[in-house]
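Read through the structure below, which is laid out as structure tokens, and then see the notes.
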Amino acid sequence: MSDRTDRPVLDGSDRTDRAADGGEVRRGTRNGAVGLAGAAVNGLLGFVLTLVIVRGFGPAGSGAIFTAIGVVTIVGVLCCAGADTALVWALPRRRLGSRGDAARLLPVALVPTLLGSTVAAVVGLALVGPLAPVLFDRPGGDGPALLRLAFATLPLTVAMTMLVAAVRAVRPVTAVVAVQYVLVPLARPLLVAAAVVGGAGVVLGFGGWLLPAALAVLACALMLVGPLGLTSGAVLRPERADWRSFWGFALPRAASATIDASSMWLSVLLTSALAGQADAGVLGGVGRYVLAGLLVMQGLRVAVAPQLSRLLGQGRTVEAAEVYRRTTMMIIVLSWPAYLVLGFFAPGFLSLFGPEFGAGATAMTVLAGAMMVNSGVGIVQTMLLMSGNSGRHLMAAATGLVLNVGLALVLVPRHGVLGAAVAWTVGIVVENLLAAHAARTAIGQPLLTGTLWKAGAVAGAGTLAVATLGATVAGRGVAGLALTVVLLVAGCALLLLDRRVRRVVRAAAATLRPAPRDRQDEGSPDRTAVAGTGGTKGVR
């Protein structure tokens, strides 16, 4: 008897559900690829920026700039109060266009954050005198001027963060990639390099880092006009329920957002205060390398977070979990080899910054291991946040922060950069393990499967073997690094000769091509979908 009779028969609704599932995974993979490309550009430009800063201003000068950037980052995220993440969570669940209710969230998000950042700027300017000696080595140096510039431009920085988040929620991923991953990262090294070439000091160099925020604000404002119907009669006056639901999510996120965004800069500030400005400069250079590997995850997170919010808001947890697993697979396969190479050849990487940065080699190896754990659990924190569980995320982030700060106070005075790296590592690992457990519980679907670990084991083992060979033959400097990269590229090219590998690559490429229905959807700014809880929600 033919086995055809043993196959399940799909009715029309089953076929529709399965097609929708495939469409969501294809949409997530395609958006992830765009975000990944943007992350690659951002990573390259971020490295160029760090190279310009450390080469142009040396360990002490770069330490001063990194400290000022840390102040902007930490205070800016505090002023955003979680509202940027709340926009990414809330806007995809609302109707877009002139007849929609999405535009009402703009004043809910922008008015409190801009007022708060203005107040923080005034207070910060008043406290420059007592703060400068704590954060900077020389009382009469550039520290006070750097702090004044940082606080004076704080509302601009907050406006950029909020508007980028809104664009991320309502426009195709290419829009936010263009601003956040290309425009701003490209303008910053050009302006800082112009300050260096012109013989300007660290204050004007820091000004070059700040100025692109104004370009980003203008670009994002223009991008929001159409989707939100701002010039065609959209209602901007919020209702009481808008404030309650939005800030009910945002406020628990506020503290964890500060921890997430300022993890590196908090370590830099602690190192500057406890060990000196030069050590802070070394840690800043190390941190830039280490965080560059996370741009893969950040690019994918930017791409799929609004989609996850929409799916989870409609109760479609199976599809959301599948999008998560596909995205995390890409993160592991791309990030683990990069971090293994980074750890093996830390001396070679840091030598590009100058001989003074060689003291951070061991610290960079330690942090590379921590980031393998971070990337290994993928976007679990995004899953947790987009499911509305900002409180659970806060608990995980707060635990990591307490461990980081507590260990830094003990280790940094005695061990400098290495002590800061160990403290940061413990905080990273604990926070991510707690978040992974909380996300699995909240979603109710398997997230970290055996397939993910097998992919990581294969990618890691192959990279480890090649890196060991490269280090043995040519050492851990630039020569060994170059040899390893050449061998890895050649190995990847040889893998493509295998028919099974080519089949997998072709299948992945097929998911990146928009289906006709996807292309039609992406062209309509007013498209809507019915959420599982009832009502009409915007799906962007």
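The values are calculated or read from the model by the stated rules, or taken from the named source; none is laboratory data. Keep in mind it's a predicted model, so treat the numbers as computed, not measured. Quick reminder, even Gly has a Cβ in these numbers, built from the backbone with ideal geometry, and neighbours come from all protein chains shown. Surface accessibility is based on the protein's heavy atoms, side chains included, excluding ligands, DNA and RNA. Shrake-Rupley method; radii C 1.70, N 1.55, O 1.52, S 1.80 Å.
Residues of the range 128-144 include at least one that is over 23 Å from residue 267 (Cβ atoms), without any contact (Cβ under 8 Å) to a residue 12 or more places away in the chain and surrounded by fewer than 20 Cβ atoms within 10 Å (Cβ to Cβ). Quick check on the range 273-321: of everything there that is touching a Ser or Thr at 6+ places or on another chain (Cβ under 8 Å) and outside any helix (DSSP H, G or I), which residue is surrounded by the most Cβ atoms within 10 Å (Cβ to Cβ)? Looking at the filtered set, the residue picked out is 293.
Among the residues of the range 169-181, those identified as within 16 Å of residue 37 (Cβ to Cβ) and crowded, with 21+ Cβ neighbours inside 10 Å are 173, 176, 177, 179, 180, 181.
Counting only residues that are in a helix (DSSP H, G or I) and within 20 Å of residue 314 (Cβ to Cβ), the range 381-410 holds 6 of them. Once the range 322-357 is narrowed to residues that are within 18 Å of residue 387 (Cβ to Cβ) and surrounded by 23 or more Cβ atoms within 10 Å (Cβ to Cβ), the residue that is farthest from the chain's Cα centre (by Cα) is 323. Please go through the range 103-118 and give me each residue that is open to solvent by 10 Å² or more (accessible area, probe 1.4 Å) and either in contact with a Phe, Trp or Tyr (Cβ under 6 Å, 6 or more places away or on another chain) or of a type in the set (Gly, Ala, Ser) (or both), ordered by number. 116, the sole residue that qualifies. Taking every residue in the range 218-230 that is more than 17 Å from residue 184 (Cβ to Cβ) and pairing it with any residue that is among the hydroxyl-bearing types (Ser, Thr, Tyr) and crowded, with 20+ Cβ neighbours inside 10 Å, at least 6 positions away or on another chain, yields no pair with a Cβ-Cβ distance below 7 Å.
The residue that is modelled with the lowest pLDDT, among those in the range 228-271 that are in contact with a helix residue (DSSP H, G or I) (Cβ under 8 Å, 6 or more places away or on another chain) and in a loop (DSSP other than H, G, I, E, B), is 262. Would you say residue 392 is within 25 Å of residue 464 (Cα to Cα), open to solvent by 10 Å² or more (accessible area, probe 1.4 Å) and either touching a helix residue (DSSP H, G or I) at 6+ places or on another chain (Cβ under 9 Å) or free of Cβ contacts under 8 Å to residues at least 40 places away in the same chain (or both)? Judged against the criteria, residue 392 is not a match. The single condition from (1) surrounded by 21 or more Cβ atoms within 10 Å (Cβ to Cβ); (2) touching a residue at least 40 places away in the same chain (Cβ under 8 Å) that residue 208 fails is (2). Look at (1) under 18 Å from residue 223 (Cα atoms); (2) of a type outside the set (D, E, K, R); (3) open to solvent by 30 Å² or more (accessible area, probe 1.4 Å) and you find that residue 100 fails only one, number (3).
Are any of the residues in the range 182-196 outside any helix (DSSP H, G or I) and either open to solvent by less than 30 Å² (accessible area, probe 1.4 Å) or in contact with a helix residue (DSSP H, G or I) (Cβ under 8 Å, 6 or more places away or on another chain) (or both)? No, the range 182-196 has no match at all.
Here residue 52 does not fit the description of being assigned to a helix (DSSP H, G or I), under 19 Å from residue 244 (Cβ atoms), at pLDDT 85 or above and open to solvent by 10 Å² or more (accessible area, probe 1.4 Å). In the range 99-112, the residues that are under 15 Å from residue 231 (Cα atoms) reach residues that are of a type in the set (A, V, I, L, M, F, W, C) and open to solvent by 40 Å² or more (accessible area, probe 1.4 Å) with C-beta atoms within less than 8 angstrom, at least six apart or across chains, in these pairs: 101/235; 103/230; 103/235; 103/236; 104/235; 104/236; 106/236. For the range 67-89, the set of residues classified as open to solvent by 10 Å² or more (accessible area, probe 1.4 Å) and part of a helix (DSSP H, G or I) consists of 71, 73, 74, 75, 77, 78, 79, 84, 85, 89, listed by residue number. Per the conditions (1) farther than 23 Å from residue 59 by Cα; (2) not in a helix (DSSP H, G or I), the sole criterion not satisfied by residue 372 is (2).
Cβ-Cβ distances below 8 Å connect the following pairs, each with a first residue in the range 480-504 that is open to solvent by 80 Å² or more (accessible area, probe 1.4 Å) and at pLDDT 70 or above, a second residue that is part of a helix (DSSP H, G or I) and hydrophobic (A, V, I, L, M, F, W, C), and a separation of six or more residues or different chains: 495/501; 496/505.
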